[in-house]
Structure formats: structure tokens, C-alpha cells
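What follows is a short report on a single structure.
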Amino acid sequence: MIAATALTKRFGDFLVLDDVSIEVPDGSLVALLGPSGSGKSTLLRIIAGLETPDSGAVLIGGADVTHVTPQKRGIGFVFQHYAAFKHMSVRDNVGFGLKIRRERKDVIRARVDELLEVVGLTGWADRYPGQLSGGQRQRMALARALAVQPKVLLLDEPFGALDANVRQELRDWLRRLHDEVHVTTVLVTHDQEEAMAIADRIVVLERGRIQQVGPPRELYDAPANAFVMKFLGPVSSLGSQLVRPHDLVLSSDAQPGAIEAQVARIVYLGFEVRVEAELASGGAVSVQLTKAEADELELAAGDIVHVRATATPAFSA
Amino acid sequence: MSRASRLGLRTLALAYLVVLLLLPVGLVFYRTFEHGLSAVWYWISTPEAISAFWLTLEVAAIAVPLNTAFGVITALALARGRFRGKALLDTLIDLPFAVSPIVIGLSLVLVYGRDGWIDLPFQVIFSLPGIVLATVFVSLPFVVREVTPVLREIGDESEQAAATLGASAWQSFWRITLPAIRYGIAYGVVLSVARAIGEFGAVSVVSGKIAGQTMTLTLLVEQRFDNYNLAGAYAASALLALIALATLLLMTRLKPRRSEG
């Protein structure tokens, strides 16, 4: 288990982390999610030992490692921009940690071959990082981090520099890999969909403070505050209340608790239909319907409709 | 830009290079070999010339490695370090470029000469240590100035990656940082060697120009020129140019492999 307790970190006058505590259970995959400047990367780097906290402690497997160098923490770290050793072949990159540990050459060779197979780079061993695509480089970096059999795998925006389709492919692949290897993993991301798709638990950070911790579904369904609700998915404001667009229903006749609105625009996105409407009380609202629901209402721009929330609105906008 | 003005600019730049660089250097080589190889050989195989040749190499062989080691360490401090006085250090590095070599020579005499500030048990001025000191001084900035921007550009992520993989700072330097900056170092070394063997002003003040003892190749060229021995001066100049060329060729063998991209 990784535990960080009461971490505080300043860069000059800027408070990056403000009394942050998290726990990462053995074998789980936890995402640190937040906008840029929220302190998520700094938190990860403190766990790795690449930064030192001003106060607070880091425990890995029960041992206090706050003042232990990164070399001795038993971690694997993957950087957003790969941090490939450009002058070494893929084989030497992956085997680097083992070579530092003075493993026997045949042991290194066997272990590297095994890892290259795991990350799907068999046959690329003698290439150089410059000859690989971004996705391949990141898989090489992952194999390199895993080669030393770390107790903990730390990933800092590992897919951030990749194209959208490669990013999605790699993220699904990473989740499957985690289910096979089961190494305790902390992943930093600013992409809520990535965090939801991959993590067992999500830690939402903003301005150096933890906003909420929980499984993806819990965070989506029961956000602790307006920030978490907005950050985890689309929101509409109905009057002064925040709701998910799919928690709104439209009807042509007046209903108790419904607010009158005029349809401004209808956007057909296949199965999903988005209706933009202007509230009689002022302000705009976005409603997400299924195609069947929209067809049944026979909506057209300019129609008067009545908007109602099915779920209890949680927060004031 | 129109075709005509582009051609005009190109011609101008080329003419500038030819008139100011290629023509003088080319003429030296032409004059050197004008009367055949045997004349050249005669003037570069006199005892003074051989002594000057070895002294020049010896001085470069001491000064350049010193400046390379110092240069890499200083570049690391400038690119990676956070300390007070960094801006001052950064400025001081350029001092040898800003100060005239002759002033450097004179200041060395003031410090190490007879009745100077520092009294060492061995002779510095009018002797090898003085020539080395002057050469170190004038060729100091090259490696620092070549390596610092490379270090800044490559960043420190791969060094951090090496640390997380268990490498000590020392291992990380030798296995990760040094290979990444080796072309910067090589270029800095080429420039340092060129400056070291070509230095005249500072060395001429501290050397004493004792033939066969403290006479470097550049000083020999000047002495022969002053004595109206033009053939001898040209031959020694050509020898200087050949040493520089040899260094350049040696360093280009370190060229990056294309695959490293």
C-alpha cells in the first residue's frame, strides 16, 4: 500500500499541495484527476521521491520513505514525454535498471524479451527510440519501468502526448495489463474519461486540495461538490441548480415543477440528441435525449417545451 | 524576396567569405608549397620548429582536457543547479572573450611574475606553466558555451528516469547525460583546440620566446616573419592549420548515428 499523509508543498508563494492525504491499496489502480495546476503531478513526484514535501510523510508498503531517494524506493515511473534514452536501443532501454543492478547478461536478456512480448514490441529490440512511434515509445518506457519489478508503478500523464485514437487504445491495453500484472499503480491525468475508464478509484484534486475520493461511479452519481460534478461530466444549469443533461426530461404540456422553455436548436448525434433551449426565466439549458424520446416529442426549433429534472439537483450553480 | 535580390544576397555573402576568409588562407597554402615540398619540410624540421610543434601540442594537451572537465561541470551547474551567484558565474565565463589576450598575458605576469602576488616554488612566467595558464584562460568558455544549451534542451527527465531505475548520480552522468551531450562537448573541444594552438597575444607576453624552449608555433611564425623569413613563416603556418584540420576530422568521427534521431 502507498500512503501519503498531510503532504504540503509550496513553490515560492504558490501552495501546490495543501494538507493532502491519500491511500492506495495494494494491487489497485488509482487515478489522480484534476485540471492543470491542481497539484496532481507534484503529488505523484513526491511519492516517487523526485520532489520533497515541505511537510508530511510518504509510506510505501508500511515503510516511511519520505527521506529515501528515488533510487531506493522500489518504484517504476513513466513520464508524459517518454524520457527515452535516445542513444540506447530498445533492448538497452528496457534492460537499463537490471544492468544497474548488475544482473547477469543472460538474465537481463531473458527478462527484456519477456517484457517486450508483454508490451507488444517483440522484434523491435534492436531499434532506437527515434525509430518508434509515440505509442511504441511509451510502451517501451512502461516495459523499462516494469523490468525492475517495482512495488509501485507511477504514471505521469502517460498518454498525454499521444493522438486521441492511440491514447484510447493504449489506455484499454494498460487496464488489461494491470489486471494481469496487478502492480499497485497511480496514474495522473487531466482527462476525466480516461480516469473513469481505467481506475478503480479516483482522487479529484483542485488547487492543491482533495475534493473527493471514490470509485468512478460514486463520483459521477454522488459528487461531493459542484467542482467534482462539473469536472466529471457535462452539466446543465436549470435555474440555479446543476444537473446532468441526461437527468432532464422534456414534455410538451406543463408539469408540476417544470420550467417553460423555447427550443433554440436540436443537434442529432446519432443515438443521442441534444436539445438546446432558452428558459422563460432566462438562461439556456442543454438537454440530452435518446433518439426515440426526441422522435416521440416531434420537436422543432421555436417549440415551447417544459423542462424538469428527474434526479434531485445537487448543487447551486 | 525576389529571385534577383536573393541571388544578389547570396553572391554578396559568398564574395565576403572568399575575399576575407578563403583568399588569405588559400594564399598561405599556395605560398607554402610554391617552392615544392622539400622547402616546406626543411622549415618545419629545424630544431626550433620541432620544439615549437611539440610545445604547442603539449600546451593544448594540458589546457584542453582541463577546460573540458571544467566546462562540463560548469555547464551542469548552469543548466541544472539552483544557487546564488549563478548569473554572476554565467557572466564571468565570458570574461576571456571580453578581455584582450594581451591584457590577460600582462595580468598573469602581475600575479605570477617576479614580485607578483603569488610566489610559487617553480617558475611560471617565461616557462611552460605560464603558457598553459594563458591558454587555459583564453580557451575557457568554449566547452561551457557549447554544452550548456544542449543540457538545457535535453532537459532532466531522462536523468530522473535513470534515478527511478536505480542509477546513482554518477551512473546517470556516465550512462545517460554524457552520451547525450557528447556532440556538444566534441564541438567545444574542436573550438578549444583551435584557440589553444592559435593563441598569440597572451602567450607572447608570458612565454619569453626562448627559441627551442618556450617558443610555440604561433610565436615561431611571428619571429620568422619579423626576420623576413617568409618561406619559414608560411611553412609553420601551414603546420598550424594542419593540426586544426586533424582535430576537426577526429571529432567528426563522433557524428551521431542517424537512427538516434
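No value in this document is a laboratory result; all are computed from the given coordinates. All of these numbers come straight from a predicted model, not from anything done at the bench. Quick reminder, even Gly has a Cβ in these numbers, built from the backbone with ideal geometry, and neighbours come from all protein chains shown.
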Sites B:Asp226 and B:Arg152 - FRET efficiency at Förster radius 56 Å, r taken between beta-carbons, to 0.05:
0.75
For the range A:119-196 the mean separation of alpha carbon contacts under 8 Å (6+ apart) over residue count, i.e. relative contact order in percent, is 33 percent
Can you give the angle from 0 to 90° between the axis of helix B:230-252 and the longest principal axis of chain B, with both taken from C-alpha atoms, to the nearest 10?
20 degrees
What distance in nm separates the simple spin-label points at B:Ala15 and A:Ser281, each placed 7 Å from Cα in the Cβ direction?
8.2 nm
Kirkwood Rh and Cα Rg combined as Rg/Rh, the protein assembly as shown
1.16
Mind checking which aspartates and glutamates have their C-alpha under 17 Å from A:Lys151, skipping anything on the same chain fewer than 8 residues away?
A:Glu23, A:Asp26, A:Asp64, A:Asp179, A:Glu180
Could you give the distance between the Cα centres of the range B:15-90 and the range A:231-262, to the whole Å?
79 Å
Per 0.36 nm of contour for each residue apart, how much would the distance between A:Asp64 and A:Ser240 grow if the chain were fully extended, relative to their Cα-Cα spacing?
58.7 nm
Express in whole angstrom the spacing between the alpha-carbon centres of the range A:5-67 and the range B:117-156.
44 Å
Below 8 Å between Cα atoms, with a sequence gap of 6+, how large is the relative contact order for the range A:2-227 in percent?
29 percent
Per-q log10 I(q)/I(0), the range A:2-227, q = 0.09, 0.15, 0.18 Å⁻¹ (Debye; single scatterer per alpha-carbon; no solvent)
-0.36, -0.99, -1.35
Using alpha-carbon coordinates, inclination of helix B:217-226 to the longest axis of chain B, degrees
30 degrees
Name the residue from A:Ser89, A:Ala3, A:Trp124 whose Cα lies farthest towards the positive end of the charge dipole of chain A, charges +1 on Cβ of Lys and Arg and -1 on Cβ of Asp and Glu.
A:Ser89
With only alpha-carbon pairs counted, each pair once and no self-pairs, how large is the Kirkwood hydrodynamic radius of the range A:237-316 in angstroms?
12.4 Å
Roughly how big is the protein assembly as shown's charge dipole about its Cα centre, with Cβ charges of +1 (Lys, Arg) and -1 (Asp, Glu), in debye to the nearest 20?
2300 debye
Any chance you could list P(r) for chain B, counting all Cα-Cα pairs in 5 angstrom bins from zero, rounded to whole %?
1, 6, 10, 12, 14, 14, 13, 11, 8, 6, 3, 1, 0, 0
At what distance in nm do the modelled label points of B:Ala87 and A:Ala300 sit from each other, each positioned 7 Å from its Cα along Cα→Cβ?
7.0 nm
For a paramagnetic label modelled at 7 Å from the Cα of A:Val181 toward its Cβ, which residues of the range A:94-134 fall within the zone defined by backbone nitrogen distances under 15 Å?
A:94-98, A:111-122
Can you give the FRET efficiency for A:Gln255 and A:Asp191, using 1/(1 + (r/R0)^6), R0 = 45 Å, r = Cβ-Cβ distance, to the nearest 0.05?
0.75
Between A:Lys291 and B:Arg114, the two model label points (7 Å from Cα along the beta-carbon direction) sit apart by a distance in nm of 10.4 nm
In Å, what Rg and Dmax follow from the Cα atoms of the range A:68-169?
13.1, 40
Averaged over A:138-147, how many beta carbons belonging to a partner chain fall within 10 Å of each residue's beta carbon?
1
In whole Hz, the Karplus estimates of ³J(HN,Hα) for the range B:92-107 (6.51, -1.76, 1.60; θ = phi - 60°; x where Gly or Pro) are 4, 4, 7, 3, x, 6, 7, 8, 5, x, 5, 5, 4, x, 4, 5
Mind putting a number on the dipole of the range A:2-227 about its Cα centre? Charges go on the C-beta only, +1 for Lys and Arg and -1 for Asp and Glu, and I need it in Debye to the nearest 20.
980 debye
For the range A:146-261, the Cα gyration tensor yields equivalent-ellipsoid semi-axes (√(5λ), largest first, whole Å) of 36, 16, 12
Quick note, the range A:1-68: a/c under 1.5 would make it rounded; otherwise a/b > b/c is prolate and the rest oblate (a ≥ b ≥ c, C-alpha gyration tensor); here it is oblate
Can you tell me, using C-alpha contacts under 8 Å and at least 6 residues apart, the relative contact order of chain B as a whole percent?
29 percent
Check each of the trypsin sites (Lys or Arg not before Pro) in the range A:56-151 and keep only those in coil by DSSP with at most 14 other C-beta atoms within 10 angstrom; list them in order.
A:Arg101, A:Arg102, A:Arg104
Treating only the Cα positions of the range A:192-234 as identical point scatterers, give the base-10 log of I(q)/I(0) from the Debye formula at each q in 0.22, 0.26, 0.28 Å⁻¹.
-0.63, -0.89, -1.03
Let me know the charge dipole size of the range A:237-316 about its Cα centre in debye, to the nearest 20, where only the beta-carbon of Lys, Arg (+1) and Asp, Glu (-1) is charged.
280 debye
If you line up the long axis of helix B:128-139 against the longest principal axis of chain B, both from Cα atoms, how many degrees apart are they, to the nearest 10?
60 degrees
In the protein assembly as shown, if the dipole is taken from +1 on Lys/Arg beta carbons and -1 on Asp/Glu beta carbons about the Cα centre, which of B:Val59, B:Leu217, B:Gly232 is farthest to the positive end?
B:Gly232
